[in-house]
Amino acid sequence: ACGFLEEGRHSAQGDTKNQHRNYFNINYPQYQLDVDASYSSNVIVMAGEVFKLEANVTGRPLPSLVWTKEGKELEDTGKLEIKTSDFHTTLTNKDSLRRDGGAFTLTASNPGGFAKFTFNVKVLDRPGPPDSLTVTDITAEKCVLNWLHPTHDGGAKIEYFVIQKRETSRLAWTNVATDLQANRFKVTKLLKGNEYIFRVMAVNKYGVGEPLESEPVICANPYIPSDPPQQPEVTTITKDSMVVCWERPEHDGENNAGLSQPSPSSPFYKAEDTIFQPGPPGNPRVLDTTKSSITLAWNKPVYDGGSEITGYIVETCLPEEDEWTIHTPKKGWTATSFTITNLKENQEYKINICATNCEGVGEPAAVPGTPKAEDRLLPPEIELGAELRKVVCIRACSTLRLFVPIKGRPAPEVKWSREHGQSLDKANIEITSSFTTLQVENVDRFDGGKYMVTVENASGTLPSKAQIETGDNYTQLSIDICDRYDAGKYILNLENSAGTKSAFVSVKVLDTPGAPLNLTVKDIKRESVTLTWEPPLIDGGARIKNYLVEKRESTRKVYSNVDNKCTKTSYRITGLTEGIIYYFRVLAENEFGVGLPVETKDAVRTSEPPLPVGKITLTEVTKTTASLSWEKPVHDGGSRIMGYYIEMQAEGSEEWAVAATTKSCEATVTGLSTGHEYLFRVLAFNEKGKSDPRSLAAPVTAKDVTIEPRFKTAFNTYSLLHGDDLKIEIPVIGHPAPKIEWKKEGQALKETTRLNVSSTKSSTKLCIKDANKEDSGKYTVIATSNVGTVTEEITVIVLDKPGPPTGPVKIEDVSSNYVTLSWEPPEYTGGCQINNYIVEKRDTTTTAWQIVSATIARTTIKVTKLKTGVEYQFRVSAENRYGKSSAIISSAVVAQYPFSEPSAPGTPIISAATKDNMTVEWKPPTNNGGSPILGYHLERKEKNIKDCIRVDGGHFVLKLVNVGGVKMIPINVKVLDRPAQ
């Protein structure tokens, strides 16, 4: 394949088999790279063979050639030979091994640029050793081995693994498993107390790979007491019982080692019956409705949750929405009936009722259906009491009072009359919406007779096409060719001299529905509008299945269908053409067909003036100018915003004048009078007109403003992982613009390839690439202007493994079998808490370190089980959540008693003497050997030994003894005698 690369940086990749040749043709200023298509696969060689990579390179001026592998430049060695001339280079690898495979990149570069080609070499060999061999779940007879696939598979699939074991006291390996496919194996039949080493080898079609050995493992049961259980919790409480739960210990330590430590104690719990939220109220129902209210009633919940019901909450929601509005007082409503007020006429609502107790709000009970806020037309009703149904008897000169409760909506008109039309001038008549009263004082015989009350309202009128036929014992109403408008309640009133009687018949006419109500166009945009409407007042006696939505352009007379299966009372019409005038209409459909349409009253153009601009900001003010900036309107009205008007109003004036016009979202108003106050506002305009104005929040005084510099920091501490990039951006306020300076630990920051500082009038930014622990610390940013200076301190924490503990390792106490060590915490904790310290020891006669403890929380430890007389060294390292630090090493120390035999006491002095006793005194030894003196041995000798002869002389010893040892003081005695014969 051949290709051409333009001037600049270029690279190409290819694969070869056996002898691999690639050719780079580089010409300045244009480069050409020719690659033979036969070298499109990997270079594959067997282990022990030689592979050779060649390339011819041309270019002007002569390019330099570099061979690299895995980002490292290759050098000529005895195994790897590189030969390069002006236009040719060769790389030869002898005795190929698995690790010799990989991607070899040849880079040719000259002032015109560079080109690359990658040779992929694969050496077929036995696999490498498996990774991460671990021994877990160790008991006296078994253990579990886990490992990962080798990093190098030798160019072939790993077919199986071989596991072997040996006791550390032997050199011979024995097979445990020879054809294992998994990466985990349970080794059994081990001998208790024996120490074993295991090794695992991978096998591919080229042979058995290198082994990976485990650390020595002693087969023993890990019987240790378990950790304590977690803190107990109480989940269910009654007045006489509790259910207690707890989590298992993090480490169970087997179950043969005895009891663990107790768990943390739980908090105190009070034994009492639990209170729950109440159940839903029962039988929610509508009692009455008006055009602005709905009256509800309900029963108390069957279940009060174990606590007294404290109140009820009534909430409403529109059918097509999910936003609920609470109408009851904040403290709740204690009665079981409530009237919801301030509702929208003819609007349907979803209504929920919830009960509350001391535990909270219970489950809601929904009022059936979607009640509508509308006036109910109730025909007049008269409720005569039992005494009024009889003849009312009253004595002359008394007062006649007739009280008659009435009902009806709207409030009925009430008329009182007498049977034969007698006058009611003496009567006092009171009429309300719920009752009427007739009262006649000082009655006489002429006030006797029949009184009639008539109530009437406009609850309905019969259609003009109704035909009524009445006989002696029947009445009949007939309507021919009825339609949807003939539906409703028909009321029959019967009246004679003996009284009145009413009955009603509800008539439902099955027909197509009427026209939907209140069609409204909302949210007009340049390509869409939203229509909303209400269901028809007359549904045709059947449920409305769906609505048909149609549109037409003003230049056409025929409507086109938009959607004929709309099930909601709103619809968003999209795909409209900007600037076109449209009409819309909606029709309802039930099982009997499509009903009457409702059309938009006014034409709708899909382009409107824009919305007001966003937030306005005063960016700068001087004694003659003011600079403003603002955000674009949220909506441009469906047409491109052509510009903005900046209007101002001087102090004391009521007129707004255009001060500037701009197409961008910022402007400067000039020509202001120094010291005067001005109001500013901004309007956006498009081809449809101007938006509503948006005013600046406060008046502006034309004067030179100086603002002390300050920073608006969100927080003062930044934490990041080692190797991550740090970016700190701080907004800066000040006028004139302050000068920004960064410091660290009091020293000015020096910019490097990793560290960069940049500042503008409104902010300053610090960027650090590949952060390390040296970047931790306190940074100071200083803003300075002729108005003042402000300083902000920023703390940067780079999360990394800690530094070494602070030395030296102190030897606090030494004995024959233990040593007490102490040290100081690390100066650098890695940005987080030190989890633990790891203490290791070694006999100075060996180089192997042994772990004493890896879970030390304090900075001191008593190392026990040492061998007396052996010299030891100790090292300590710190560990946090991000890793382990380097270690500090103690000086060598010998495990021995810290004391020796005492020195000799002072010379004895006789302080008092009698014929049979003497008081002897002496000074204590100048050195007690490191331990208190336990006592003294006092010896005496007669000055004149009777018959003292030569043999009485000689060496005498004063012996001093304490727990540190014995001190012997020699005393030489010489007896002077005659010489021996």
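The values are calculated or read from the model by the stated rules, or taken from the named source; none is laboratory data. This structure is a prediction, so every number in the text was calculated from the model and none was measured. All Cβ positions, even for glycine, are placed from backbone atoms using ideal geometry, and neighbour counts span all protein chains on display. To get the accessible areas, we keep the full protein, side chains included, count just its heavy atoms, and leave off ligands, DNA and RNA. Shrake-Rupley method; radii C 1.70, N 1.55, O 1.52, S 1.80 Å.
Just one residue in the set S885, S900, S890 is among the small types (G, A, S) and over 30 Å from T855 (Cβ atoms); that residue is S900.
For first residues located in the range 131-149 and among the small types (G, A, S), partners that are in a strand (DSSP E or B) and lie 6+ apart or on another chain with Cβ distances below 9 Å form the pairs S132/N146; S132/W147; S132/L148; S132/L212.
Residue-by-condition table, conditions (1) touching a Phe, Trp or Tyr at 6+ places or on another chain (Cβ under 8 Å); (2) modelled with pLDDT of 85 or more; (3) of a type in the set (D, E):
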position	(1), (2), (3)
L33	yes, no, no
S41	no, no, no
E54	no, no, yes
E73	yes, yes, yes
G78	no, no, no
T90	no, yes, no
R98	no, no, no
P111	yes, no, no
F114	no, no, no
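Of the residues in the range 282-300, at least one is touching a Ser or Thr at 6+ places or on another chain (Cβ under 7 Å), exposed (fewer than 12 other Cβ atoms within 10 Å of the Cβ) and in contact (Cβ under 8 Å) with a residue 24 or more places away in the chain.
Look at (1) without any contact (Cβ under 8 Å) to a residue 40 or more places away in the chain; (2) part of a loop (DSSP other than H, G, I, E, B) and you find that R166 fails only one, number (2). Residues in the range 706-720 that are touching a residue at least 12 places away in the same chain (Cβ under 8 Å), of a type in the set (A, V, I, L, M, F, W, C) and open to solvent by 80 Å² or more (accessible area, probe 1.4 Å): there are none. Scanning the range 350-368 for residues that are touching a Lys or Arg at 6+ places or on another chain (Cβ under 9 Å), open to solvent by 20 Å² or more (accessible area, probe 1.4 Å) and either at pLDDT below 90 or outside any strand (DSSP E or B) (or both) yields one hit, P368. Checking each residue in the range 97-130 for being aliphatic (A, V, I, L, M) and over 47 Å from the mean Cα position of the chain (by Cα) picks out L97, L106, A108, V123, L124. Residue count for the range 155-171, restricted to those that are open to solvent by less than 80 Å² (accessible area, probe 1.4 Å) and among the basic types (K, R): 2. Picking from residues in the range 327-340 that are modelled with pLDDT of 90 or more and not in a loop (DSSP other than H, G, I, E, B), the one that is surrounded by the most Cβ atoms within 10 Å (Cβ to Cβ) is I340.
Among the residues of the range 145-154, is there at least one that is surrounded by 18 or more Cβ atoms within 10 Å (Cβ to Cβ) and farther than 30 Å from S41 by Cβ? Yes - at least one qualifying residue is present in the range 145-154. Examine the range 842-851 for a residue that is part of a strand (DSSP E or B), hydrophobic (A, V, I, L, M, F, W, C) and in contact (Cβ under 8 Å) with a residue 24 or more places away in the chain, and state whether such a residue exists. No: the range 842-851 contains no residue that is part of a strand (DSSP E or B), hydrophobic (A, V, I, L, M, F, W, C) and in contact (Cβ under 8 Å) with a residue 24 or more places away in the chain. Among the residues of the range 539-598 satisfying the criterion of being part of a loop (DSSP other than H, G, I, E, B) and among the aromatic types (F, W, Y), which is most open to solvent (accessible area, probe 1.4 Å)? So, considering only residues that are part of a loop (DSSP other than H, G, I, E, B) and among the aromatic types (F, W, Y), the one most open to solvent (accessible area, probe 1.4 Å) is F592. Which of the residues spanning the range 42-64 are hydrophobic (A, V, I, L, M, F, W, C), within 15 Å of L80 (Cβ to Cβ) and open to solvent by 70 Å² or more (accessible area, probe 1.4 Å)? Selection gives V50 alone. When restricted to residues that are outside any loop (DSSP other than H, G, I, E, B) and either more than 27 Å from I524 (Cβ to Cβ) or in contact (Cβ under 8 Å) with a residue 60 or more places away in the chain (or both), the range 647-661 contains 7. Given the criteria within 38 Å of the chain's Cα centre (by Cα) and at pLDDT below 90, does D775 qualify? When the stated conditions are applied, D775 passes them. Checking each residue in the range 528-538 for being modelled with pLDDT under 90 and either on the phi > 0 side of the Ramachandran plot or open to solvent by 40 Å² or more (accessible area, probe 1.4 Å) (or both) picks out L537, I538.
Scanning the range 108-132 for residues that are crowded, with 20+ Cβ neighbours inside 10 Å and in contact with a Leu (Cβ under 7 Å, 6 or more places away or on another chain) yields A108, A115, F117, F119, V123, D125, P130.
Filtering the range 683-705 to residues that are buried (at least 19 other Cβ atoms within 10 Å of the Cβ) and assigned to a loop (DSSP other than H, G, I, E, B) leaves S691, L696, A702. Can you confirm whether T500 is at pLDDT 80 or above, outside any loop (DSSP other than H, G, I, E, B) and surrounded by fewer than 17 Cβ atoms within 10 Å (Cβ to Cβ)? So T500 does not fit the description; no.
Consider the range 797-811 and keep the residues that are assigned to a strand (DSSP E or B) and touching a Lys or Arg at 6+ places or on another chain (Cβ under 9 Å). The one that is most open to solvent (accessible area, probe 1.4 Å) is L799.
For the condition of a type in the set (D, E, K, R) and free of Cβ contacts under 8 Å to residues at least 40 places away in the same chain, R556 qualifies. Consider the range 758-816 and keep the residues that are among the polar types (S, T, N, Q) and not assigned by the TED database to the domain that holds G734. The one that is farthest from P826 (Cα to Cα) is S816. Among the residues of the range 778-787 satisfying the criterion of being modelled with pLDDT of 90 or more and open to solvent by less than 80 Å² (accessible area, probe 1.4 Å), which is nearest to L726 (Cα to Cα)? Ranking the qualifying residues of the range 778-787, first place goes to Y779. Working only within the range 760-777, note down all residues that are open to solvent by 60 Å² or more (accessible area, probe 1.4 Å) and small (G, A, S). Residue satisfying the conditions is S762 alone.
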